[in-house]
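Q: Before anything else, here's the structure in question.
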Amino acid sequence: MKVYDLHCDVLYKLAKAETPISFANSSLLQANKEALEVGQVALQLFAVFVSEGFPKEKQFMEAIRQIEFFYTEIVGKHDNVVAINKWEQLESLKEGQIGAVLSLEGLDMIDGNLLKLKLLLSHGVKLVGLTWNGANEVADGASGNSGTGLTSFGETVVDLLNEENIIIDVSHLSEKSFWDVLPKAKWLMASHSNARAICDTPRNLTDDQLKALIARESPIHVVYYPQFINTSNKPVEMEHLVEHINHITELGGKHLVGLGSDFDGIGEFVVGLEDASKTQNLVKYLLKSYSANEVEGFTSQNFARFLKRMGKEEQM
């Protein structure tokens, strides 16, 4: 069953490697091309992420460097990996092709400079997370909560993203930032977050946040990271991840659930879901509790319908 995965950190891993890593089939990558093919991943978002410890004056060029990796190592060397610069291109992908989309995970690298953001967007970025976990010039992150929320500069950033029809990702925002962004964002989603009612961590979303996203018809994509799935020290099984999907469904969000693996950004795994090649194991498990149409919604069609709604409203 075709899968759309809204988050991985392959670019970060490629960029920080001391010796070159092959995207084609390197065992050092959880979401290499071969693994994506086996897992039937037809759309993969590749996040540009510059760690908070990276020297501030070099962060922007590091982001540019990761975008260069995207176009040279991921798209440039593989005929069946297609850069998606406009969402409607997804509809013309052929069997066996993988749509590749750039996203930004945090805006520390723009250092309060809107021109830098515009330059990054010009390379085909379609989804933007305003923060990682810490606070920056734009907003507070999930674990860097100063109480500021969305800053005045952040409001300008949101305005620009709205103008460009860029999806704003709420996965790493603090609660105040989330509620500040919610009424201002034209398009928003959670690309890789779970339910805090099941696993109490600041990176997960409260029921109030989930209900607000559902009210906005915004996609909610669950993440595979065990620490965001279950707080016990026991191995995290597929059933524990599916509990989060069940919870979102019970809140009324069945038509908005999707997947956001976080592969190559995680070092712990759900049993049977250790890399992208195992993605169909999750599909098979979901089919135990949901119909084929419902599971197809989770894996791709819920997000596809969201994109169609974006397209229709943009044409109005």
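Q: Ignoring ligands, DNA and RNA, please state the percent of accessible area on the stretch 234-316 from carbon and sulfur, probe 1.4 Å.
A: 48 percent
Q: Can I ask one more? When ligands, DNA and RNA are left out and all protein chains stay put, how many square angstrom of accessible area per residue does the chain have with a 1.4 Å probe?
A: With all protein chains present, the chain gives 41 Å² per residue.
Q: Also, I was wondering about something else. With viscosity set to 1.002 mPa s and temperature to 20 °C, compute the Stokes-Einstein D of the chain, Rh being the Kirkwood radius across alpha carbon pairs; µm²/s, no decimals.
A: Value of D from the Cα-based Kirkwood radius: 111 µm²/s.
Q: May I pose another question? Can you tell which of Gly297, Ile266, Ile166 lies farthest toward the positive end of the dipole of the chain, using +1 and -1 charges on the Cβ of basic and acidic side chains (Lys, Arg; Asp, Glu)?
A: Towards the positive end, the residue furthest out is Gly297.
Q: Related question: Cα convex hull of the stretch 174-299: how many Å³ per residue?
A: Given the Cα convex hull of the stretch 174-299, per-residue volume reads 104 Å³.
Q: Filter the cross-link list Lys118/Lys176; Lys176/Lys308; Lys116/Lys308; Lys58/Lys116; Lys16/Lys77; Lys2/Lys284 down to pairs whose alpha-carbon distance in this structure exceeds 18 Å.
A: Lys118/Lys176; Lys176/Lys308; Lys116/Lys308; Lys16/Lys77
Q: Follow-up question, since we're still on this one. Tell me the label-point distance for the pair Ser51, Lys176, using the 7 Å Cα-to-Cβ offset, in nm and rounded to one decimal.
A: Output for this residue pair reads 2.8 nm.
Q: Calculate the tail of P(r) for the stretch 21-94: the fraction of all Cα-Cα distances greater than 22 Å, expressed in %.
A: Distances greater than 22 Å cover 31 percent of the Cα pairs.
Q: Can I ask one more? Determine the dipole magnitude for the stretch 1-107: charges of +1 sit on the beta-carbon of Lys and Arg, -1 on that of Asp and Glu, nothing else is charged, the reference point is the Cα centre, and the result goes in debye to the nearest 20.
A: In total the dipole reaches around 100 debye.
Q: Still on this structure, I have one more. For the chain, give me the percentage of DSSP beta bridges that are antiparallel, rounded to the nearest 5 percent.
A: So the antiparallel bridges in the chain amount to around 5 percent.
Q: Using packing as a proxy for protection, rank 20-30, 252-262 so that the peptide with the highest average count of other Cβ atoms within 10 Å comes first.
A: Highest to lowest by the protection proxy: 252-262, 20-30.
Q: Test of understanding: what is the full-extension gain from Ser27 to Lys58, defined as 0.36 nm times their sequence separation minus their Cα-Cα distance?
A: Full-extension gain reported as 8.3 nm.
Q: Still on this structure, I have one more. Using a Förster distance of 30 angstrom, determine the FRET efficiency expected from the C-beta separation of Arg305 and His78, and round it to 0.05.
A: Working from the Cβ atoms, E equals 0.60.
Q: Now for a separate question. Would you mind checking which residues have amide H under 5 Å from Ala83's amide H? H placed 1.01 Å from N; only 5 or more apart, or other chain.
A: Sorted by chain and number, the residues that satisfy this are Ala100.
Q: Sort 178-186, 81-89 by the packing proxy (mean of other Cβ within 10 Å over each peptide's residues), most packed first.
A: 178-186, 81-89
Q: What does the charge add up to near Gly144, with Lys and Arg as +1, Asp and Glu as -1, over the other residues with Cβ less than 11 Å from its Cβ?
A: Counting the neighbours of Gly144, the net charge comes to -3.
Q: Within straight cross-link reach of Lys86, meaning Cα distance under 14 Å, which aspartates and glutamates are found once same-chain residues fewer than 8 apart are removed?
A: Glu164, Glu314
Q: Would you calculate the separation in nanometres between label points at Thr148 and Lys284, each defined as 7 Å from the Cα along the Cα-to-beta-carbon direction?
A: 4.9 nm
Q: Gap in Å between the Cα centre of the stretch 30-54 and the Cα centre of the stretch 112-163?
A: The stretch 112-163 and the stretch 30-54 have Cα centres spaced 22 Å from each other.
Q: Further question: Cut-off under 16 Å on the C-alpha distance; same-chain residues fewer than 8 positions from Lys13 excluded. Which lysines are left, in chain and number order?
A: Lys33
Q: Can you give me the pair-distance distribution of the stretch 68-164, C-alpha pairs, 5 Å bins, whole percents?
A: For the stretch 68-164, the binned pair fractions read 3, 12, 20, 19, 14, 12, 10, 6, 2, 0 percent.
Q: Assigning unit charges at the beta carbon (Lys, Arg +1; Asp, Glu -1) and nothing else, what dipole magnitude in debye, to the nearest 20, does the chain show about its Cα centre?
A: Dipole about the Cα centre, nearest 20: 460 debye.
Q: So for the stretch 187-270, taking the charge dipole from beta-carbon charges (+1 Lys/Arg, -1 Asp/Glu), which of Cys199, Val242, Ala212 sits furthest toward the positive end?
A: Going by the charge dipole, the pick is Ala212.
The values are calculated or read from the model by the stated rules, or taken from the named source; none is laboratory data. All figures in this text were calculated on a predicted structure; none of them were measured in a lab. Glycine gets a Cβ as well: all are built from the backbone with ideal geometry, and neighbour counts include every protein chain shown. The protein model used for the area step is the full one, side chains on, heavy atoms only, and it has no ligands, DNA or RNA in it. Shrake-Rupley method; radii C 1.70, N 1.55, O 1.52, S 1.80 Å.
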